[in-house]
Amino acid sequence: MAYVNDNYLKLKAGYLFPEIGRRVKKFSEEHPEAKIIRLGIGDVTEPLPAAVREAMHKAVDEMGQRDTFRGYGPEQGYDFLREAIAKNDFQSRGANIAADEIFVSDGSKCDTGNILDIFGPNNMIAVTDPVYPVYVDTNVMVGRTGAADDAGRYAGLVYIPVTAENHFVPALPTQKVDLIYLCYPNNPTGTVASKETLTQWVNYAKQNDAIIFYDAAYEAFITDPSVPRSIYEIPGARNCAIEFRSFSKTAGFTGTRCAFTVVPKGLKAKSASGELVELHALWTRRHTTKFNGVPYVIQRGAEAVYSAEGKAQVQELVSFYLENAKILRDELTGLGIKVYGGVNAPYIWLKTPGSATSWEFFDQLLSNAHVVGTPGSGFGASGEGYFRLSAFNSRANVEEAVRRIKTMLK
Ligand code: MLT
């Protein structure tokens with residue numbers, strides 16, 4: 001008999017979003033007449049920008065001609081895309097990142113999990129609480145935690161609460177940690193990190209030889225010019241941070257899949273024998289061994305995001321979702337609900353009304369308003385009593401959802 005990876009047996013419930021999907025499916029089978037509006041998983045609804053589609057069409061045609069057809073591409077991504085990313089996303093903002101430090105991939109979710117491949121088993125890991133569940137679950141899967149307690153906290157991880165009480169600013173750990181996950185704009189709270197906060201984290205990482213995993217998948221939603229879009233805007237971050245970015249939420253690529261990870265050269269960690277090892281070399285090895293690259297057609301589409309038309313169209317998309325977020329924020333605030341986020345991020349984080357737990361509010365909202373959200377406790381114990389609404393939907397659906405929530409709560 002073969003053996004399973006027992007670490008998987010430590011995982012608490014199902015992964016949050018499939019669990020929500022399961023409950024919604026059951027509800028809609030029992031109430032086939034209900035017109036459900038989904039503001040749960042942050043999945044985009046608006047079409048790909050025209051510039052992206054045109055570039056993809058052109059690339060498809062190239063694939064139809066013998067002399068322009070492409071087979072395997074470079075695993076790290078085509079130079080045309082890596083160069084466009086380095087120039088537009090980093091160098092233009094004063095962040096010194098080169099094209100060959102960018103690894104194009106099929107998603108930030110995959111990369112934030114896969115990155116653990118190149119780190120040893122004895123690292124002390126810190127996560128904020130609440131947190132994007134993938135960071136925690138992937139550590140459980142590789143065996144870096146003990147069992148979970150009743151609140152869902154795994155032994156061996158350092159949890160840093162981010163709640164209204166501390167204005168959603170994570171305190172620096174009081175113990176030494178080696179790997180730190182930070183996500184800004186934050187999923188799920190929709191809050192951002194100021195330059196000062198990020199500087200404190202970079203300083204902590206440098207003083208403790210720690211590495212920050214910085215998930216900036218939602219950076220395009222930052223409207224406040226004083227808020228950094230990349231951790232590399234903070235001096236010294238090249239030597240202590242890996243950044244994850246995505247085209248999913250920015251340019252509507254959740255279905256087409258394209259993202260990238262930045263591993264700066266010179267960023268090092270220690271081997272068991274105490275020798276300093278370049279993480280860029282290890283990630284290159286991992287990426288080229290286990291991944292065959294994002295399809296050419298998709299990379300051409302991603303490149304078009306950086307054309308003049310592409311930039312304007314992406315900005316329109318982002319503004320559209322941010323207007324949805326504003327509608328949700330304003331209307332819920334008008335109902336007397338405490339609302340956070342949604343200004344520099346596509347997520348609204350609210351206090352559940354009355355004394356409802358997160359899952360109780362989920363069930364009320366689904367049964368009475370036929371609206372799906374995400375229970376805060378699904379993101380961690382400190383998310384209990386909170387609830388997340390995503391601004392990714394059509395205007396008509398967001399307005400209808402607001403109408404129904406008002407009727408339910410009045
Ligand atoms: C979310 O809803 O938190 C995200 O859509 C999940 C993801 O991007 O994987």
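Over region 326-372, what number does the Rg to Rh ratio reach, with both radii from the alpha-carbon atoms and Rh per Kirkwood?
Values: Rg = 11.0 Å, Rh = 11.3 Å.
When Rh is taken as the Kirkwood radius, the ratio is 0.97.
Placing R0 at 22 angstrom, the Cβ-Cβ distance between Met141 and Lys290 gives a FRET efficiency of 0.90 after rounding to 0.05.
Using only side-chain charges placed at the Cβ, +1 for Lys and Arg and -1 for Asp and Glu, the dipole size of region 53-307 relative to its Cα centre rounds to 280 debye. Per q in 0.18 1/Å, what log10 I(q)/I(0) does a Debye calculation on the alpha-carbon atoms of region 251-356 return? Rounded to two decimals, the profile gives -0.95.
For the Cα trace of region 256-300, dividing Rg by the Kirkwood Rh returns an Rg/Rh value of 1.11. Where both bridge residues fall in the chain, DSSP classifies roughly 55% of the beta bridges as antiparallel.
Below 8 Å between Cα atoms, with a sequence gap of 6+, how large is the relative contact order for region 53-307 in percent?
Numbers: 441 pairs, mean separation 66.3, N = 255.
Value for region 53-307: 26 percent.
In plain terms, the bigger the Kirkwood radius, the slower the diffusion; for the chain, with that radius from Cα pairs, at 25 °C and 0.890 mPa s, Stokes-Einstein puts D at 111 µm²/s.
If every alpha-carbon in region 225-290 counts as one equal scatterer, what log10 I(q)/I(0) does Debye give at q = 0.15, 0.21 1/Å? One equal scatterer on each Cα of region 225-290 leads to -0.64, -0.98. With a Cα-only, solvent-free Debye model of region 108-203, what are the log10 I(q)/I(0) values at q = 0.10, 0.22 Å⁻¹? At q = 0.10, 0.22 Å⁻¹ the computed log10 ratios are -0.26, -1.30. Relative to the globular-protein estimate of 2.2 N^0.38 Å, the Cα radius of gyration of region 164-274 stands at 1.11. For the peptides 164-177, 232-245, the ranking by mean Cβ contacts within 10 Å, running from highest to lowest, is 232-245, 164-177.
A simple spin-label model places the labels of Ala151 and Asp209 3.2 nm from each other, with each point 7 Å out along Cα-to-Cβ.
Residue separation times 0.36 nm, minus the C-alpha to C-alpha distance between Gln91 and Arg70: what's the value?
That works out to 4.6 nm of additional length.
Zone of Glu399 (label point 7 Å along Cα→Cβ, backbone N under 20 Å): which residues in region 317-341? It comes to 317-335, nothing else. Ranked by the mean number of other Cβ atoms within 10 Å of their residues, highest first, the peptides 350-356, 371-377 fall in the order 371-377, 350-356.
Taking 8 Å as the Cα distance limit and 6 or more residues as the minimum spacing, I'd like the relative contact order of region 193-298 as a percentage.
Worked out over region 193-298, it gives 21 percent.
Between His31 and Leu409, the C-beta separation translates, for a Förster distance of 22 Å, into a calculated FRET efficiency of about 0.60.
The numbers here are math on the coordinates, done by the rules we state, and not lab data. Bear in mind the structure is a predicted one, so any value in this text is a computation, not a measurement. Please note: Cβ atoms are built from the backbone with ideal geometry, for glycine as well, and neighbour counts cover all protein chains shown.
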